[in-house]
Amino acid sequence: MNTLIRKSFRPFLNSTIRASCRTFADVNINEKIDKIVKDNKVVVFMKGVPDAPRCGFSNAVVQIMRMHAVPYVSHDVLSDENLRQGIKEYSNWPTIPQVFINGEFVGGCDIMLQMHQSGELVEELKKVGIQSALLTAEQFKKEEKK
């Protein structure tokens, strides 16, 4: 009888333990992401690393950051499946790359490209004390003409 009771509860216990472990892991990854995002002015969660992006969208974000000479911290989601899924839940955004400025989710590749093209990225960077290299180049050209 004791064996029968244990066998009947085993599926329940196993699924409960798995669910509680998953929840605990989710809390840990959310805390980890929250700390990363809040401790750095600019963070990019991407596929690959800046020197070797592993998707075209991540590469586009890296190129935008390089054009503006933005110092940023990057995290490779391909090296950590928990991070890859966790960042999507944290931001409520389904795709990678994801860019955060001053703790706020800005968007992915398409939004960064639009911000770059419209000049809005220069303004957002200025708000957090980062001067875009593109702005510096423009100012230099204006001073040269004087």
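The values are calculated or read from the model by the stated rules, or taken from the named source; none is laboratory data. Everything numeric in this text was worked out from a predicted model, so none of it was measured. Don't worry about glycine lacking a Cβ; one is built from the backbone with ideal geometry, like all the others, and counts go over all protein chains shown.
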Test of understanding: among S58, S74, which residue is in contact with a Pro (Cβ under 8 Å, 6 or more places away or on another chain), assigned to a helix (DSSP H, G or I) and hydroxyl-bearing (S, T, Y)?
S58
Give the number of residues within segment 51-74 that are within 19 Å of L121 (Cα to Cα) and in contact (Cβ under 8 Å) with a residue 24 or more places away in the chain.
13
Would you confirm, using the coordinates I've provided, whether G108 is modelled with pLDDT of 95 or more, under 25 Å from N30 (Cβ atoms) and small (G, A, S)?
yes
If you check A60 against the conditions, is it out of contact with any Phe, Trp or Tyr (no Cβ under 6 Å at 6 or more places or on another chain) and at positive phi?
no
Scanning segment 17-37 for residues that are touching a Phe, Trp or Tyr at 6+ places or on another chain (Cβ under 9 Å) and either modelled with pLDDT of 95 or more or aliphatic (A, V, I, L, M) (or both) gives I29, I33, D34, I36, V37
Quick one: in segment 111-130, which of the residues that are under 18 Å from the mean Cα position of the chain (by Cα) and free of Cβ contacts under 8 Å to residues at least 40 places away in the same chain is farthest from V43 (Cα to Cα)?
Q114
Quick one: count up the residues across segment 85-121 that are among the β-branched types (V, I, T), surrounded by fewer than 20 Cβ atoms within 10 Å (Cβ to Cβ) and assigned to a helix (DSSP H, G or I).
1
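Take segment 47-86 and flag every residue that is closer than 21 Å to N28 by Cβ and not polar (S, T, N, Q).
V73, H75, D76, V77, L78, D80, E81, L83, R84, G86
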Flag if K41 is at pLDDT 95 or above, more than 26 Å from Q114 (Cα to Cα) and under 19 Å from the mean Cα position of the chain (by Cα):
no
Exactly one of V77, V42 is surrounded by 15 or more Cβ atoms within 10 Å (Cβ to Cβ), without any contact (Cβ under 8 Å) to a residue 60 or more places away in the chain and of a type in the set (V, I, T), and that residue is V77
